[in-house]
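Notes follow once the structure below has been shown.
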Amino acid sequence: MAVFREDQVLLAQRDNPPLRNLWSLPGGIVEIGETVAQAALRELAEETGISAKVVGTAGYVDIIARNGEGMVERHYVVLALAALYVSGEPHAGEATKAVRWVHPQQLGELPMTEGAADIIREAAAIVGTGEALTSQEQSR
């Protein structure tokens, strides 16, 4: 989830393979019965201690891991939501090594997960002009 506070986005440094030490957006797995928005908000709180308000969908990235022979071993689809900061002070939590607010112009200075910078740019555009989802849309 791309969470913005003023002109900065919240990034988390992954602590588990296969993306260990890379900076990315906080997020994780959708549990049975959760909506994407509910899962993103839960993961955000678990990984960073931050609460946010979802304002839109920023895009998705396919991550396809292949073995040495080129065969697909894993395929993840990462769906990113754009959100506005509500409360909390960031701290590393589950699956994160570090958490910090970063100005989008500094993204090139960090080793990041594939596609994260593009998603952050898309989310920044949504947050800048985004309208909050209705409670009905968030509960889908």
Return the total of residues in segment 43-80 being charged (D, E, K, R) and within 11 Å of the chain's Cα centre (by Cα).
2
Hits in segment 55-64 - residues which are surrounded by 11 or more Cβ atoms within 10 Å (Cβ to Cβ), closer than 21 Å to P17 by Cα and not aromatic (F, W, Y)
V61, I63, I64
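Return yes when A52 is in a strand (DSSP E or B), in contact (Cβ under 8 Å) with a residue 12 or more places away in the chain and touching a Ser or Thr at 6+ places or on another chain (Cβ under 6 Å) and no when it is not. Explain how you work it out, then say what you get.
Values: in a strand (DSSP E or B): yes; in contact (Cβ under 8 Å) with a residue 12 or more places away in the chain: yes; touching a Ser or Thr at 6+ places or on another chain (Cβ under 6 Å): no.
Answer is no for this residue.
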Has segment 33-54 got any residue that is surrounded by fewer than 16 Cβ atoms within 10 Å (Cβ to Cβ), at pLDDT below 95 and touching a helix residue (DSSP H, G or I) at 6+ places or on another chain (Cβ under 9 Å)?
no
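Suppose the filter is among the aliphatic types (A, V, I, L, M) and modelled with pLDDT of 90 or more; does L107 pass it?
Working: among the aliphatic types (A, V, I, L, M): yes; modelled with pLDDT of 90 or more: no.
So L107 does not fit the description; no.
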Condition first: β-branched (V, I, T) and closer than 13 Å to G88 by Cβ. Now tell me which residues in segment 1-55 satisfy that.
V3, T48, I50
May I ask you to list pairs of residues, at least six apart or on different chains, whose Cβ atoms are under 6 Å apart, with the first in segment 16-45 being under 12 Å from V78 (Cβ atoms) and the second being among the polar types (S, T, N, Q) and part of a helix (DSSP H, G or I)?
P26/T48
May I ask you to verify whether V61 is of a type in the set (V, I, T), in a strand (DSSP E or B) and modelled with pLDDT under 95?
yes
Can you find, within segment 95-131, the residue that is surrounded by the most Cβ atoms within 10 Å (Cβ to Cβ) among those that are of a type in the set (D, E, K, R) and in a helix (DSSP H, G or I)?
E122
For segment 66-78, check the following and say yes or no: at least one residue is out of contact with any Pro (no Cβ under 8 Å at 6 or more places or on another chain) and surrounded by 16 or more Cβ atoms within 10 Å (Cβ to Cβ).
yes
Determine, yes or no, whether A92 is of a type outside the set (D, E), assigned to a helix (DSSP H, G or I) and touching a residue at least 24 places away in the same chain (Cβ under 8 Å).
no
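The values are calculated or read from the model by the stated rules, or taken from the named source; none is laboratory data. In this text, all values refer to a predicted model and were calculated from it rather than measured experimentally. Heads up, the Cβs are rebuilt from the backbone with ideal geometry, glycines too, and the neighbour counts pull from every protein chain shown.
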